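Following: one structure in structure tokens, then a few remarks.
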Amino acid sequence: MKLSLEQLSARMRQGETIPSRQTAQVALALSIPSILEQLVVTAMGYIDAAMVGHIGAEATASIGIVSSSTWLLHGVLVGLYTALSIQIAQYLGADRQDDARSVLRQAMLFNVILGVGAALFGLGISPFLPGWLGADPSLRANATAYFAIWSTALPFTMAMGLYLSILRAAGNALTASLISVLVCVLDAIFNFFLINPTREMTVFGQNLTVWGLGWGVPGAALGTALANAVGGTLALGVLLLRDGPLCIRKPGSWHITRACLHNVWKVGAPLAAERAALSSAQVLLVRIVSGLGTTAIAANSLGVSAESLCYMAGYGIQSAAVTLIGQAVGANRKDMAKRFAWLCTALGMGVMALSGVGLWIFAPALMSLFTTDAAVIALGAQVLRIEAWAEPMFGASIVASGAMQGAGDSTSCFVLNIFSMWCIRLTLAFLLAPRLGLMGVWGAMCCELSIRGLLFLIRLARGKWLEKGALS
């Protein structure tokens with residue numbers, strides 16, 4: 001018999017022993033749509049990179065120079081809204097539906113307050129950011145415009161991420177993935193008309209004049225912003241109109257509660273600090289790469305986009321792990337939480353090992369999707385083949401951290417990630433970049449990700465991550 005997540009949670013609360021085959025089926029049922037969603041998110045990055053990459057290396061570099069800063073600002077918001085979705089998963093696992101709906105209402109308030117605040121902050125620093133990062137003067141105008149437009153859309157970007165993560169926490173991963181597919185399609189359409197100028201095209205043998213604004217890099221930012229706005233609004237609409245445990249049409253308070261704030265602080269603060277620290281390290285890495293020239297900046301930026309094809313599966317499985325372990329801990333079933341943790345981690349390592357093989361084989365082809373610059377393609381393919389060796393252990397760190405987060409143990413994730421990134425990757429990159437250039441930076445990344453995966457596996461095996469228990 002095939003179980004739904006809701007049925008699995010009910011059986012866990014009753015103390016039943018659930019066959020491994022059924023737990024694996026539930027894990028796959030959540031993982032596959034989440035992987036599809038990550039594929040779509042990755043495709044959005046590919047669309048932006050490919051469309052901008054064909055404008056030229058300088059256009060790509062202007063986005064690449066601020067990309068780590070977008071990760072920093074967005075990463076803080078991701079940490080906070082992940083804490084909210086973890087609360088909902090645990091409350092649903094404990095059959096505390098009123099508490100789950102209360103957190104959903106508070107999440108909507110946080111979305112407005114934090115999203116608008118982050119947007120204003122991003123707009124305020126956008127004129128100065130490229131200069132702080134050491135960008136060449138020729139790149140600064142486009143880099144500033146891209147970051148300003150991206151920042152303006154943060155309330156909608158946060159809404160999309162927040163509400164889709166809540167849908168996944170309730171077991172509705174399919175709806176979340178379908179919304180992501182729509183957003184990807186819209187992103188491609190918007191970018192097509194916003195990036196390129198009005199031009200003549202041949203379609204089915206007919207010469208057509210295709211309208212376009214020709215905004216280049218700012219057009220790419222605006223296209224993604226508009227797509228995210230539609231996705232965030234649609235995800236909110238699903239939550240407002242749907243029935244079930246999270247139906248907020250039922251009576252309830254909209255006040256921000258002390259319990260929710262405590263849980264956000266307990267889980268979200270370490271997650272937000274982790275994202276901020278990791279992204280800050282990425283900013284420093286970009287600063288190191290920016291001294292290696294425009295070709296290296298472009299190859300680094302496009303290489304990151306190409307590599308995301310590998311780890312998207314890991315983050316999809318991580319989303320499933322957060323939901324499964326969160327509900328198991330809420331149901332007070334640590335045995336099931338351990339089983340789900342190892343099942344999902346093994347699945348993530350296996351899938352990413354296969355994707356690493358593909359990355360090695362198809363590295364030049366992947367780079368050529370984004371640019372026609374031969375020097376950028378050659379250098380990007382070299383660094384991708386270095387990174388391919390780290391993919392299995394990178395998968396271990398991604399999924400194991402999701403398991404720990406689902407159990408409320410975000411502090412250990414913070415410590416392990418910060419130690420690995422700041423003490424290993426940055427140190428090695430600083431030492432190797434002057435001697436080996438961009439290959440040295442990516443060699444440092446490969447070494448660091450392998451060590452990070454090992455550290456997370458050791459933490460997972462020791463089992464102390466389950467001692468945090470359910471949230472208040």
Considering only segment 239-292, state which residues are among the acidic types (Asp, Glu) and in contact with a helix residue (DSSP H, G or I) (Cβ under 7 Å, 6 or more places away or on another chain). Glu274
Out of segment 397-429, which residues are of a type in the set (D, E, K, R) and either free of Cβ contacts under 8 Å to residues at least 12 places away in the same chain or touching a Lys or Arg at 6+ places or on another chain (Cβ under 7 Å) (or both)? Asp409
Name every residue in segment 315-354 that is surrounded by fewer than 20 Cβ atoms within 10 Å (Cβ to Cβ) and either part of a helix (DSSP H, G or I) or acidic (Asp, Glu) (or both), in order of residue number. Lys334, Asp335, Lys338, Arg339, Trp342, Ala346, Gly350, Ala353, Leu354
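Matching residues to (1) within 30 Å of Asp95 (Cα to Cα); (2) surrounded by fewer than 18 Cβ atoms within 10 Å (Cβ to Cβ); (3) touching a helix residue (DSSP H, G or I) at 6+ places or on another chain (Cβ under 6 Å); (4) at pLDDT below 90:
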{"site": "Phe362", "(1), (2), (3), (4)": "no, yes, no, no"}
{"site": "Gly406", "(1), (2), (3), (4)": "yes, no, yes, yes"}
{"site": "Gly443", "(1), (2), (3), (4)": "no, no, yes, no"}
{"site": "Glu448", "(1), (2), (3), (4)": "no, no, yes, no"}
{"site": "Leu457", "(1), (2), (3), (4)": "no, yes, yes, no"}
Among (1) surrounded by 22 or more Cβ atoms within 10 Å (Cβ to Cβ); (2) not in a helix (DSSP H, G or I), which single condition is Gly161 missing? (2)
Test: residue in segment 194-212 that is surrounded by 12 or more Cβ atoms within 10 Å (Cβ to Cβ) and either among the small types (Gly, Ala, Ser) or within 30 Å of Leu8 (Cβ to Cβ) (or both): yes
For segment 127-144, enumerate the residues that are open to solvent by 30 Å² or more (accessible area, probe 1.4 Å) and in a helix (DSSP H, G or I). Gly131, Trp132, Pro137, Ser138, Arg140, Ala141, Asn142, Thr144
From the set of residues in segment 85-110 that are under 21 Å from the mean Cα position of the chain (by Cα) and surrounded by fewer than 24 Cβ atoms within 10 Å (Cβ to Cβ), which is farthest from Asp409 (Cα to Cα)? Met108
Please enumerate the residues belonging to segment 288-310 that are in contact with a Phe, Trp or Tyr (Cβ under 9 Å, 6 or more places away or on another chain) and surrounded by fewer than 24 Cβ atoms within 10 Å (Cβ to Cβ). Ile288, Ser308, Leu309
Of all residues in segment 37-48, which are in contact with a Gly (Cβ under 9 Å, 6 or more places away or on another chain) and either at pLDDT 80 or above or among the aliphatic types (A, V, I, L, M) (or both)? Leu39, Ile47
Within segment 360-377, which residues are small (Gly, Ala, Ser) and either touching a residue at least 60 places away in the same chain (Cβ under 8 Å) or in contact with a Cys (Cβ under 9 Å, 6 or more places away or on another chain) (or both)? Ala375
If a residue has to be among the small types (Gly, Ala, Ser), modelled with pLDDT of 80 or more and part of a loop (DSSP other than H, G, I, E, B) to count, how many in segment 1-36 make the cut? 1
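Each row is one residue, and each column tells you yes or no for (1) within 26 Å of Ala188 (Cβ to Cβ); (2) part of a helix (DSSP H, G or I); (3) small (Gly, Ala, Ser).
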site	(1), (2), (3)
Ala269	no, yes, yes
Ala273	no, yes, yes
Gly303	yes, yes, yes
Glu307	yes, yes, no
Cys310	yes, yes, no
List pairs: first in segment 231-259 and closer than 26 Å to Cys184 by Cβ and surrounded by 11 or more Cβ atoms within 10 Å (Cβ to Cβ), second at pLDDT below 85 and basic (Lys, Arg), Cβ under 8 Å, 6+ apart or cross-chain? Leu240/Arg249
Going by the conditions given, is Ala176 in contact with a Pro (Cβ under 8 Å, 6 or more places away or on another chain), at pLDDT 85 or above, buried (at least 24 other Cβ atoms within 10 Å of the Cβ) and farther than 18 Å from Trp71 by Cα? yes
Count, please, the residues in segment 112-126 that happen to be touching a Pro at 6+ places or on another chain (Cβ under 7 Å) and either assigned to a loop (DSSP other than H, G, I, E, B) or open to solvent by less than 50 Å² (accessible area, probe 1.4 Å) (or both). 2
Can you name the residue in segment 213-230 that is assigned to a helix (DSSP H, G or I) and not small (Gly, Ala, Ser) and is also surrounded by the fewest Cβ atoms within 10 Å (Cβ to Cβ) among such residues? Val230
Within segment 355-404, considering residues that are under 19 Å from the mean Cα position of the chain (by Cα) and of a type in the set (D, E, K, R), the one farthest from Leu292 (Cα to Cα): Glu391
Show the residue pairs that are 6+ apart or on different chains and have beta-carbon atoms under 6 Å apart, the first residue being within segment 122-134 and without any contact (Cβ under 8 Å) to a residue 60 or more places away in the chain, the second being surrounded by 13 or more Cβ atoms within 10 Å (Cβ to Cβ). Gly122/Leu73; Gly122/Ser151; Leu123/Ala148; Leu123/Ser151; Ser126/Thr144; Ser126/Phe147; Ser126/Ala148; Pro127/Thr144
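Residue by residue through segment 367-376, note down the ones that are surrounded by fewer than 23 Cβ atoms within 10 Å (Cβ to Cβ) and within 15 Å of Val304 (Cα to Cα). First the steps, then the outcome.
Looking only at segment 367-376, we keep the residues that are surrounded by fewer than 23 Cβ atoms within 10 Å (Cβ to Cβ), and these are 368-369, 372-375.
Residues satisfying the conditions are Ser368, Leu369.
The values are calculated or read from the model by the stated rules, or taken from the named source; none is laboratory data. Remember, predicted model here, so these are calculated numbers, not experimental data. Positions of Cβ are backbone-derived with ideal geometry, glycine not excepted, and every protein chain shown enters the neighbour counts. Ligands, DNA and RNA are stripped out before the accessible areas are found, and what is left, the full protein with its side chains, is counted by its heavy atoms. Shrake-Rupley method; radii C 1.70, N 1.55, O 1.52, S 1.80 Å.
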